[in-house]
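Please read the structure below before turning to the comments.
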Amino acid sequence: MIVFQLFLLASAAFLIYISQRKKLTGDKKMSILFFTILGIGLFYGSTYILQIDIPSFANKMTSIVKSLQGIKT
């Protein structure tokens, strides 16, 4: 079951990459941002599927997002 879930996660990431590939060819900054977000999504998805708890990393990412939005933590 875990292998199937990881396969679905990787397939979804691959489909997202294929659908956005032509749009990202000219813009280097957007390409880096896209692959960073896709990588973080794959990382979080795989840790969720494998049931690995990473609270400190999750708290740090939450504080970064809140600071970007202007919310005081």
key: Contour minus Cα-Cα distance for Phe14 and Leu50 (0.36 nm per residue)   = 11.0 nm
query = What accessible area per residue comes out for the chain, rounded to a whole number of Å², with a 1.4 Å probe?
reply = 84
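Which FRET efficiency value, to the nearest 0.05, is calculated for Leu42 and Ile71 with the Förster distance at 30 angstrom and r the Cβ-Cβ distance? Don't jump to the answer; show the numbers that get you there.
Details: r = 26 Å, r/R0 = 0.88.
The pair Leu42/Ile71 has a calculated efficiency of 0.70.
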key: Helical mean residue ellipticity (222 nm; -39500 (n - 2.57) per DSSP H run of 4+; nearest 500) of the chain   = -26000 deg cm²/dmol
inquiry  = Using DSSP H assignments, which helices in the chain have an axial alpha-carbon span of 18 Å or above and a mean Kyte-Doolittle hydropathy of 0.5 or higher?
reply    = 2-20, 28-49
ask   = Hey, of (1) 38, 12, 8; (2) 24, 22, 7; (3) 21, 19, 12, which did the structure itself give for semi-axes √(5λ) of the Cα gyration tensor in Å when calculated?
value = (2)
query = Roughly how many percent of the accessible protein surface of the chain is carbon and sulfur, given a 1.4 Å probe and a whole-percent answer?
reply = 69
inquiry  = For Ile2, project a label point 7 Å along Cα to C-beta. Then give me every residue of region 34-49 with its amide nitrogen under 17 Å of that point.
reply    = 43-49
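The values are calculated or read from the model by the stated rules, or taken from the named source; none is laboratory data. The shown structure was predicted, so the numbers you read here are calculated from the model rather than taken from an experiment. Every residue, glycine as well, gets a Cβ built from its backbone with ideal geometry; the counts of neighbours run over all protein chains shown. Please note that ligands, DNA and RNA were not included when accessible areas were found on the heavy atoms of the full protein model with its side chains. Shrake-Rupley method; radii C 1.70, N 1.55, O 1.52, S 1.80 Å.
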